[in-house]
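Data first, discussion second: the structure below is written as structure tokens.
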Amino acid sequence: MMQQVKVQEIEAAAAFLRGKVNFPIQVGVVLGSGLSAFAERLEKNVVVPYATLANFPQTTVPGHSGRFVAGFIEDASVLCMQGRVHFYEGYSMPQVALGVRLMASLGVRTLILTNAAGAVNTAYRPGDFMLISDHINLMGNNPLIGAHDAQWGERFVDQSDSYTPALRQITREVAQELQVPLHEGVYAGLTGPAYETPAEIRMLRVLGADACGMSTVPEAIVARQSGMRILGISLITNMGAGIAAPLHHSEVVEVAEKRKKDFELLLAAIIRRINEE
């Protein structure tokens, strides 16, 4: 039976976080594999490990620290999830998206989702950034399945513009100003933890995907239900199977390490621009 998430659990976790973070949060950020160092840039930061929150799922993957970090990028208040949990770790879809529900409960209205992704589009290269324009859910599951509470929003969620056009435009402008090359494309979410086969990568290309990974989609669905504005950014860390050499998770972390400075500059500039709206 799929593990459900109860409204009372989210409210209790939100109350606990409010007791640690005594300022309203403008922007929530989920940091993907190898990208967690961005949280260290926050000023006046407050750190809350996931382990201190009752019933909160714990990360088990290298590159995911497993803690909330709240603080400021200049005047913009930010709450980072320094690492996420994944469906392949054995958690239910509602548990995977619990962090986003918690942010929504805290009043976060703008969410930035980041991830490490494999290239499906052969024009991409490791180290490139991709602005997510849309996604394809190939996880065979959905975080909205199960008991529904009206507090969470509509049960039947429109996903026509899940990745907010205005935030995407801000990101394009910031990337151009910083001279950071930026692709824009479709992200395919799969379960993992095995990487895709060459045949699956060819299939994804036919379906219209430009990159693929094992996260982000459940979080985006819940954020959309919660009425959040959503921005998604992928760091391309490897070429999909059959395009280049065999795949290893260490490659993901290594490429993220090489591009973390540009990633942090880009993300900080985007948050500052959002704060100016």
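Laboratory data are not the source of any read-out in this text; all were calculated from the coordinates shown. Every value quoted in this text rests on a predicted model; they were computed, and no experiment measured them. In this analysis, Cβ positions are derived from the backbone assuming ideal geometry, glycine residues included, and neighbour counts consider all displayed protein chains.
Overview of results
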| item | result |
| --- | --- |
| Correct option for Cα extents along the principal axes in Å [calculated from the coordinates] among (1) 46, 41, 33; (2) 49, 46, 34; (3) 52, 40, 33 | (2) |
| P(r) histogram, all alpha-carbon pairs of the stretch 54-177 included - 5 Å bins from 0, percent | 2, 7, 14, 19, 23, 18, 11, 4, 1, 0 |
| Net dipole in debye of the stretch 1-154 [+1 Lys, Arg Cβ; -1 Asp, Glu Cβ; about Cα centre; nearest 20] | 240 debye |
| GNM top mover of Gly140, Gly185, Gly71 - the chain, alpha-carbon springs below 10 Å | Gly140 |
| Cα centre as origin, Lys/Arg/Asp/Glu Cβ charges: the stretch 7-276 dipole, Debye | 240 debye |
| Mean Cα-pair separation over length for the chain, i.e. relative contact order, pairs under 8 Å, 6 or more apart, % | 26 percent |
| Label-point separation in nm, Thr191 to Asn22, each point 7 Å along Cα→Cβ | 4.7 nm |
| Fluctuation leader among Leu53, Leu190, Leu207 - the chain, Gaussian network, Cα springs under 10 angstrom | Leu207 |
| Top positive-direction residue, dipole computed over the chain with Cβ charges, set Val120, Thr171, Val85 | Val85 |
| Around Met214: net Lys/Arg minus Asp/Glu count, Cβ-Cβ under 14 Å | -3 |
| Sum of side-chain charges, Asp134 neighbourhood, beta-carbon under 11 Å (Lys, Arg +1; Asp, Glu -1) | -2 |
| Charge dipole (the chain, unit charges on Cβ, about Cα centre) - positive-most of Leu138, Val206, Val30 | Val30 |
| Rounded to 5, percent antiparallel among DSSP beta bridges of the stretch 7-276 | 35 percent |
| Highest-MSF residue in the chain out of Gln176, Gln151, Gln58 [GNM, Cα springs under 10 Å] | Gln151 |
